[in-house]
Amino acid sequence: MPPARGARKPRVSARELGSTDGAVDSTAAASFPALPAPPRPRLDARRARTYPLEKRASKVAASAVGRALEPGLSFAEWLARLPDILAAADLRLAADTIARARLAGRGVAIGMGAHAIKVGLSPMIVDLMERGVLTSVALNGAGIIHDFELALAGRTSEDVGPGLDRGRFGMARETGAILNGVIREAARRGEGLGEALGRHLEEKKFPNRRLSIVAAGHRLGLPVTVHVAIGTDIIHMHPSADGAAIGATSLRDFHRLAEVVAGLSGGVYVNLGSAVVLPEVFVKALNLARNLGHPVRPLFTLDLDFLRHYRPGVNVVSRPTAAGGRGVHVTGHHELLFPVLAGAVLERIAALAAEPGAGRATRPKRTTVRRGSAAAAPRAKRSGPRPRKR
């Protein structure tokens, strides 16, 4: 006969369980305390309470949904038909913020992983530099390798697997010899790695230098800095590599980036496809700038990558903007996502510039830090932030 409704089922002791299975240690089971059963209230779904839909807060409104597309739309019309939801809304926000920052004379800095160059974005980066949209570029060590090879040979990015099997991966002679030679000469002259390589590509008239980001920086007078982790790049395997020269030139570029970041109040920092090195370099440059009296706030940051990683999340999106500003992720393939962002920024700048009174906007006073100043070589005795006298 089944037990009555609500009656408690008899509990089976560990000793009784042990008697049915010879594999259980009955002595250990008997010494373990009997655990009480958790509560499980009886529910009557017929008594659930409801309320009118009109009183509920909703995340999606009809005004925010996208509109159907049709052949022949202009890019601006296509953008206008995107939903104003999630990543599309963040993309619009980023484009508008970048456009307004540049029209107000604020900086827009980008830190790039090498993959962005490998998937063909160099011409767009160079174009945004030439238009004045991007005011500085930071690269990792692999970035200058792909930038250099495109400028010299018009091709880059080898198949690692077959070369690694035979110990030939990364051993192209010109790449190692020329880049390491430029780095050694830059160290001798007291230059940063980015400025030295850009000048070399321009002076030697590399056949495809119009594709080079570092050459564009030299040509336009814009900071292009290179931030190297020794041992991560193929040229470090070559006999011509000089660790002291690599370190010295990359450290100069770090100080130059810190000067750039110190002037980003009201501006934008974009992380494009760097999961570790550049987010770490950026947050250190930001801290150095704030340590030397530059609050760098408000600040808008944008992380663009095909995956969301820990370091961009904390060192680009959240921590730098906690004291004022906003950070967002927009996730997708570089070769699709960045062209959309670039086009949206150009459209937004054109639209804002055409508004009545746009030409009366005043540019903020530009601040610079001289080489050899406190920002380039912080004094050890300084105990806290101290605004610089003007």
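The table that follows gives values for the structure above.
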| read-out | value |
| --- | --- |
| Inter-label distance, nm, simple model (7 Å from Cα along the C-beta direction), A64/R47 | 3.6 nm |
| Label-point separation in nm, R308 to I85, each point 7 Å along Cα→Cβ | 1.7 nm |
| Residues whose placed amide H lies under 5 Å from that of S274, excluding near-sequence neighbours | G113 |
| Karplus (6.51, -1.76, 1.60) ³J(HN,Hα), θ = phi - 60°, over segment 235-241, in Hz, Gly and Pro reported as x | 5, 6, 7, 7, x, 7, 5 |
| Segment 85-357 - charge dipole about Cα centre, Lys and Arg +1 at Cβ, Asp and Glu -1, debye rounded to 20 | 460 debye |
| Whether segment 85-357 is rounded, prolate or oblate, judged on the alpha carbon gyration tensor where a/c under 1.5 counts as rounded | prolate |
| Under Karplus coefficients 6.51, -1.76 and 1.60, residue-wise ³J(HN,Hα) of segment 346-352 in Hz, glycine/proline x | 5, 4, 5, 4, 4, 5, 5 |
| Long-range HN-HN contacts of N140 with modeled amide H, under 5 Å | M112, A114, H227 |
| Net +/- balance of residues flanking G313 in space, Cβ distance below 12 Å, scoring K and R +1, D and E -1 | +1 |
| Fewest-first sequence of D253, D44, D147, D96 by Cβ atoms within 10 Å of each Cβ | D44, D96, D253, D147 |
| Ranked list, fewest to most other Cβ atoms within 10 Å of each Cβ, for I246, I117, I234 | I234, I246, I117 |
| Which listed pairs, of K59/K284; K118/K205; K59/K118, have C-alpha distances above 32 Å, in listed order | K59/K284; K59/K118 |
| R0 of 25 Å, Cβ-Cβ distance S318-E77: FRET efficiency to nearest 0.05 | 0.10 |
| Karplus-derived 3J(HN,Hα), 6.51/-1.76/1.60, for each residue of segment 88-97, Hz, glycine and proline x | 5, 5, 5, 4, 4, 4, 4, 4, 5, 5 |
| Gap separating the Cα centres of segment 213-289 and segment 48-119, nearest whole Å | 30 Å |
| Simple label model, 7 Å out from Cα along Cβ direction - T331 to R188, nm | 4.9 nm |
| Least to most buried among E347, E259 (fewest other Cβ within 10 Å first) | E347, E259 |
| Two-site FRET efficiency, R166 against E203, from Cβ-Cβ distance with R₀ of 51 Å, rounded to 0.05 | 0.90 |
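We did not get these values from a lab; they are worked out from the coordinates using the rules stated. As the structure is a computational prediction, the values presented were derived from the model and not from experiment. Neighbour counts are summed over all protein chains in view; Cβ atoms, including those assigned to glycine, are modelled from backbone coordinates with ideal geometry.
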